[in-house]
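Visitor: Have a look at the structure that comes next, please.
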Amino acid sequence: MSTPEYLSVLVSIIIGLGISQVLSGVANLLVDRARVRFYWVWAVAVAMVFLASVQFWWSTFSVGSAVAGNFFSFIFFLLTPIVLYLAAVVILPDFEGEGEIDLKSHFFANHRWYFGFLAAVPLLNATRAVAVSGDPLLAPERPYEAVFFALLVSGIVIDREGWQKMLAVALVALFVTFIVVAGLRPG
């Protein structure tokens, strides 16, 4: 096993923990559905954590060699899956105990932490790409990362329900656009 392959195992474990958190939370929601008050903005937030985790894992295929030679580069690289895991933890409620689980109340009680963790992702990815991997500062991903960051920060600052609903739709649209455009780019 090469060094990049060896290091990718730890990244995969952390991403796997985040995805496991999301899947366990959704499974608990299905099991306890009779006492859950559903909120679609919360569901979009959970889906975004899942998709961002999968997309990060998928996009890191070629990064291993760039971080394999430097311990600090590797630690910095691990920050993205760590914050994705933490976003999953704060957005999913605890299903233990009795009583109603109000996903709207849970979302608004935790949205600042959720958006804060997610806002770190484009910052970390852009910094890693430029500083560690040597990508150009004006790569095609940078405008997407800047818009993602601005939208996610607005989710921290603005807690009005109407804004949170528009933000959920905007983030999904931007994410899908980014994936489609990135998939169409050569090489």
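Visitor: On the given criteria, is GLU98 surrounded by fewer than 12 Cβ atoms within 10 Å (Cβ to Cβ) and within 28 Å of GLU145 (Cβ to Cβ)?
Guide: Answer is no for this residue.
Visitor: Just need a number here: residues in segment 1-13 that are assigned to a helix (DSSP H, G or I), surrounded by fewer than 17 Cβ atoms within 10 Å (Cβ to Cβ) and not charged (D, E, K, R).
Guide: The total comes to 6.
Visitor: Is there a residue in segment 79-86 that is under 30 Å from LEU29 (Cα atoms) and polar (S, T, N, Q)?
Guide: Yes, there is a match, as at least one residue in segment 79-86 is under 30 Å from LEU29 (Cα atoms) and polar (S, T, N, Q).
Visitor: Restricting to segment 106-144, name every residue that is more than 18 Å from SER59 (Cβ to Cβ) and without any contact (Cβ under 8 Å) to a residue 12 or more places away in the chain.
Guide: Within segment 106-144, ALA109, LEU137, LEU138 qualify.
Visitor: Right, here's the next one. Checking ARG37 against (1) more than 24 Å from VAL153 (Cα to Cα); (2) in contact with a Phe, Trp or Tyr (Cβ under 8 Å, 6 or more places away or on another chain); (3) not hydroxyl-bearing (Ser, Thr, Tyr), which single condition isn't satisfied?
Guide: The number of the failed condition is (2).
Here, each number is a calculation from the coordinates, and none is a lab measurement. A quick note: this is a predicted structure, and the numbers were derived from the prediction, not measured. When we count neighbours, we look across all protein chains shown, and the Cβ atoms used for this are built from the backbone with ideal geometry, even at glycine.
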